[in-house]
Structures are given as structure tokens and as C-alpha cells.
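Report on the following structure.
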Amino acid sequence: MKILIIGAGRIGSSVAESLVSEANDITVIDKDPANIGFLQSRFDLRGIVGDALSPQLLENASAGDTDMLIAVTGSDEMNLLCCLIARKVGHCHTIARVRNPIYSNELTFIKQQLGISMIINPEYAAATEISRILRFPSAIKIDPFAKGKVELLKFKVKPEFKLDGLSVMDIDSQFRCDVLIGGVERGDEVAIPDGKFVIKNGDMVSIIASPANSAEFFRKIGIQTNQVRNTLIVGGGTIAYYLAKLLAAMKIRVKIVEKDKARCEVLTELLDDALILNGDGTDRQLLLEEGLMTAEAFVTLTNMDEENVFLALYAKENSSAKLVTKVNRIAFDELISKLDLGSLIYPKYITADYILQYVRAMQNTIGSNVETLYHILDGRAEALEFVIREESEVTGIPLMNLNLKSNLLIGCINRSGNIKIARGQDCIQQGDTVIVLTSQKGLRDIRDILRK
């Protein structure tokens, strides 16, 4: 697929990396030669330095026969205009990053009027992920499927859970909850486990289940399942604004610490249900005075990764709060992941997953469609939801009789809203949605689960 990306910043670079790895023909346009040079030094793609609003430049970039244009510059207006021009020039699919809260209530209208295929808001997407985690704070990460009827939840195995030394089959028979262990991270190793795989203390385990069944499982192993009642947020940017609105709807009390006075005044006008404090979030005394030691959740959303990391480390030593740490740059992501900073939020990864999901859906055959996609297990595996649109060689056959690829699990079947953890005797039927977990990258069709 020929894809033109406008903007080579954090989001654009992450999207380019994901799409290049799937053998797409990628061209990136950016005004900064350094950004283009960096991408070309790392990936097999075409880079053009210049203003994407120039019709001549778009013509040089072959916009007329491009399959998709993705506009992710720092300007919402430029992104929308680039998509509009691309639609006029080449009638391609278009994706625009739109971040400003002013547009948040008009996105459907904008899509319809401008003919944009997809609008993505990284800050709102990140805030939504954080709100899910604070609803179920014992989980490190929560990825929803089937419009929220199924969730993939990651948690860390602790000695008090009494799971150490138990195989996946043992856990299934002992706790008798309708959940499936779909992935395990152990140090630098990741696994899509079979029934004989043995769980150890310290493992990061991902389970797939309905919200009710996952809550039952967590209760049985002794994990608290209630949502937090209050949250202390450091950093009053766009993510904090969206998050405060979402938490208010969940009846969670919110306190935001922001050092820019003008921004505090804006937030005070926009957020009726949050307490806005003008102060330096790195002031340890201020954090203690504002209730860090009794906070049930502590979320660091400043624009500096270093501040977010050190604030989370400080909170870890002085509070039992659920920690959520935002990270923008990913040069040291492996090191950061070892610091045990609670739930790590990477806005650009979230955005890249949404866009990759849409691209996969465009590339599908008639038989099935990628409805949802997440990178899991430290980015080394994927969880995909397929809509089964017609019968094929995978339908009507017991799962135990399918010749599945290695390191692949069929996790769950959604049949007319009834959620069922997949077992060997179950069959996939036309009309189902099926959730697959695999370390085999690039699946686009449900038939790709089979060995050739």
C-alpha cells in the first residue's frame, strides 16, 4: 500500500516505523531536514523536505496515486487542510490528527463535511486509557475489545496471589473462572503460553476475559478491584484536561498541579469538578501538603519524561497510590520499564496502533476484517479482533482440529454479544468476532492464523 505521511515528529515517526515494518511503500514529508534525515537513516522510506500544503510538492510526492494520506503535524488546521487537498487531488483515504478540545464536539461533523476517513486525538486516546486503568487500578494495562465486552488486562504476579509454580492448566482448574492467560512477560522474555506453562512470581501476566469474569478472578487471587476514589495529577496539559473530564464522569475526585498560572486559569474555567493548584509539581513539600500520601492514584503528565519518571519514583517511596507515568520519548523504554513505575502511557504508541488497525482493515480480503489491534507483550506480540464476514477454511471446524501457527492463541469468541473464552471444541462461525493473540506479526485476515 502506498502511504503518504505528513509530519515527522514523535507521532509521525512512530507511525512510519509501524507501517514500514509491514512492507508498505512509505513517503514522509516534513519541513525539518533533520527529522527527514533521521527517519531515512533508520527506515527504508522516501523522505521529502518541504511544505505539504504546496500542490507542487504533493504532486512530486505522487499524492495523486497514494492509497492513504496520514497528516500528523503539530497543527490541527494544517492536518485537516492536507487531508482536504489530498481528497481533491487523489481521492485517497485520509487520517488527521486533531488535538484541540475546541474541535472535540465537532469531529463527526468535520469528518463528514471534509470526507476524512479517520480523526485521531492522541491526547484523548491516552486519557481514555488512563481512565480505564484507574477504574481497575490493580491492572497495569487494559485493552478493550468487542466494544468493551472483553478486556485484555496485564498484572504483576506477587507472592500473596499464590500463583507461583502453578501451570496455566492448574490455574484454570483451581480458580474456575472463565479467563484465559494469553501472554507472559518474564524479564526480557515473552511467551504466548500453552497449558503446561508454569507461572512464577514477578511475571507480567495478561489475561483475556469479560469485565465481570476478570473481576471474579482477581477477587479470588486477592486483588482489589474497586476503582480509585481520588487522583492527584501533575501537569495541566491537554491530556490532563481530557482525563479530568473522564474521571469526573466516573465520580473520581481530581486535583491538578500546574505551574503555569495562565494555564491554571484556563483549566479552572473549563473544569468545574476539579481542583486546580498553581504550583511546581516537583516541589516535594507541595505534593505532601496536597495529599500525596493519601492519594489513591498519582498521574504524572508533564512535558518532560525525566520529571514524570522521578515524580513517579518519589510517589512510590511516599505513597501507596496507583502510579500512571506518561512517557513521550522511547529511547530508553526498556530501562524505564524495569523501574516499576506502575502503568506506563505512550501516547504515540496508542496513536500508531489505531492507525495500523485502520490500515490493516483496508488491506483485508472480503472474508474478514481487523476490527481492533493492540501491540502487547512489550511490543513483541499483537492482540487482534477479527470480524468473520463469510465462511472459510477456519469456520465450522473445532479449534483443536485447526492447524494453527505457532505462538498463537484464539482467545475469545463474541457471538451476537455472548462472550465465550475459546476452548478446543468450539467452532468459529460466520458473524462472530474472534480475538487472536500472537507473536506472528502482520495478520490481516482470519485465515492467516493457519499454517500454510
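The values are calculated or read from the model by the stated rules, or taken from the named source; none is laboratory data. Please read these numbers as outputs of a predicted model, since none were measured by experiment. Heads up, the Cβs are rebuilt from the backbone with ideal geometry, glycines too, and the neighbour counts pull from every protein chain shown. When the accessible area is computed, the model is the full protein with side chains, heavy atoms only, and any ligands, DNA or RNA have been set aside. Shrake-Rupley method; radii C 1.70, N 1.55, O 1.52, S 1.80 Å.
Summed over the range 253-266, the residues that are of a type in the set (A, V, I, L, M, F, W, C) and surrounded by 22 or more Cβ atoms within 10 Å (Cβ to Cβ) give a count of 3. Considering only residues in the range 292-312 that are open to solvent by less than 20 Å² (accessible area, probe 1.4 Å), not in a strand (DSSP E or B) and not β-branched (Val, Ile, Thr), the one that is modelled with the lowest pLDDT turns out to be 305.
Taking into account only those residues within the range 112-152 that are assigned to a loop (DSSP other than H, G, I, E, B) and within 27 Å of residue 217 (Cβ to Cβ), which is nearest to the chain's Cα centre (by Cα)? Per the stated criteria, the residue is 140. Anything in the range 82-107 that is among the hydrophobic types (A, V, I, L, M, F, W, C), open to solvent by less than 80 Å² (accessible area, probe 1.4 Å) and either within 25 Å of residue 347 (Cα to Cα) or in a strand (DSSP E or B) (or both)? List them, or say none. Correct list: 82, 83, 95, 96, 98, 107.
Suppose we filter 321, 352 for residues that are within 20 Å of residue 227 (Cα to Cα) and either out of contact with any strand residue (DSSP E or B) (no Cβ under 9 Å at 6 or more places or on another chain) or in contact (Cβ under 8 Å) with a residue 40 or more places away in the chain (or both); which single one remains? On inspection, the qualifying residue turns out to be 321.
Out of the residues in the range 129-162 meeting the condition of being of a type in the set (Gly, Ala, Ser) and within 27 Å of residue 370 (Cα to Cα), tell me which one is most open to solvent (accessible area, probe 1.4 Å). That would be 148. Of the residues making up the range 423-446, those that are closer than 21 Å to residue 357 by Cβ and open to solvent by less than 70 Å² (accessible area, probe 1.4 Å) number 16. Being under 30 Å from residue 15 (Cβ atoms) and touching a residue at least 40 places away in the same chain (Cβ under 8 Å) holds for only one residue in 342, 291, and it is 342.
Going by the conditions given, is residue 197 in contact with a helix residue (DSSP H, G or I) (Cβ under 8 Å, 6 or more places away or on another chain) and surrounded by 22 or more Cβ atoms within 10 Å (Cβ to Cβ)? Criteria not met by residue 197. You will find that of 280, 272, the residue that is open to solvent by 50 Å² or more (accessible area, probe 1.4 Å), closer than 24 Å to residue 99 by Cβ and not in a strand (DSSP E or B) is 272 and no other.
Criterion applied to 18, 14 was being within 22 Å of residue 98 (Cβ to Cβ), of a type in the set (S, T, N, Q), open to solvent by 20 Å² or more (accessible area, probe 1.4 Å) and at pLDDT below 95, and the one residue passing it is 18.
Only one of the numbered conditions (1) over 22 Å from residue 315 (Cα atoms); (2) touching a helix residue (DSSP H, G or I) at 6+ places or on another chain (Cβ under 9 Å); (3) open to solvent by 10 Å² or more (accessible area, probe 1.4 Å); (4) in a helix (DSSP H, G or I) is not met by residue 239, and that is (1). Screening the range 380-452 for strands (runs of 3 or more DSSP E) wholly inside it with 3 or more residues that are closer than 22 Å to residue 361 by Cβ returns the ranges 381-388, 408-415, 433-438.
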